[in-house]
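Every read-out reported here was derived from the displayed coordinates using simple, explicitly stated rules and does not represent laboratory data. Model, not experiment: these values are computed from the prediction. Glycine also receives a Cβ, built like all others from the backbone with ideal geometry; neighbour counts cover every protein chain displayed.
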Amino acid sequence: MTKTELFLKLAQPDSNGISRWISTNEFVGEYADLKFGNGASWARKESTLAKKYIIEFDKSITPGNGIDRIRLNGLNQGDYSQHISPAIKREISAQRCVVLGTSNPEVDHKNGMKNEDRVMKNEDQRLSDFQPLSKAANDAKRQFCKECRRTGIRYDAKKLGYPMSYYKGGAHHNNEEDACVGCFWYDPIEFRRHLKEK
């Protein structure tokens with residue numbers, strides 16, 4: 001059995017090519033061959049698996065840059081991928097960073113959990129799912145989102161000097177699709193709008 005076949009046996013994707021998150025801790029016993037060495041060889045972009053499925057990695061659980069979990073999120077049909085729609089990319093890239101006001105921003109998924117299936121499909125994406133962030137702001141957000149996923153505690157905007165922590169919800173999140181809504185990093189413009197209301 002190839003590593004691709006072995007992983008598919010473990011992941012058991014449904015007819016749409018979607019599987020549960022598989023922890024790398026499950027790569028034991030019968031599935032020990034799936035353990036990642038230097039890089040995810042059998043799950044790289046050019047792998048047999050990636051040619052058929054959209055593969056997602058999660059590196060947010062343990063410190064460092066190792067892969068903690070992997071899942072299949074649909075069938076890979078070229079234009080159907082986890083990447084951002086070119087039209088959305090063009091429009092967001094022409095705007096200024098919503099935090100620093102600088103030009104040439106990166107296109108950021110507002111939802112740092114990246115757990116909304118709709119947003120991971122090009123044809124279902126909306127402009128409002130994304131925002132322009134400078135590299136510095138996006139790097140900072142990525143770090144805070146990683147910490148949030150690891151601890152279950154959302155970023156507190158009071159650390160940035162704001163008078164409120166969140167505009168919706170509290171410190172703890174539940175990992176659901178709307179877990180990010182209310183956090184400063186989810187939508188800084190919306191956050192500031194609520195400041196005015198306050």
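Going down the list K135/K196; K89/K110; K3/K51, which pairs span over 25 Å between their C-alpha atoms? Walk me through the intermediate numbers first.
Working: K135/K196 27 Å; K89/K110 13 Å; K3/K51 14 Å.
From the list (K135/K196; K89/K110; K3/K51), the Cα-Cα distance tops 25 Å for K135/K196.
Within 10 Å of each residue's Cβ, count the other Cβ atoms and sort F184, F27 from fewest upward.
Values: F184 24, F27 18.
Arranged by neighbour count, lowest to highest, F184, F27 become F27, F184.
Only Lys, Arg, Asp and Glu count, each charged at its Cβ (+1, +1, -1, -1), so figure out the dipole size of the chain about its Cα centre, rounded to 20 debye.
Details: 33 positive and 27 negative charges, 127 e Å.
Dipole about the Cα centre, nearest 20: 620 debye.
Once you order the gyration tensor axes a ≥ b ≥ c over the Cα atoms, which shape class does the stretch 3-75 get: rounded for a/c under 1.5, otherwise prolate or oblate by comparing a/b with b/c?
The shape class here is rounded.
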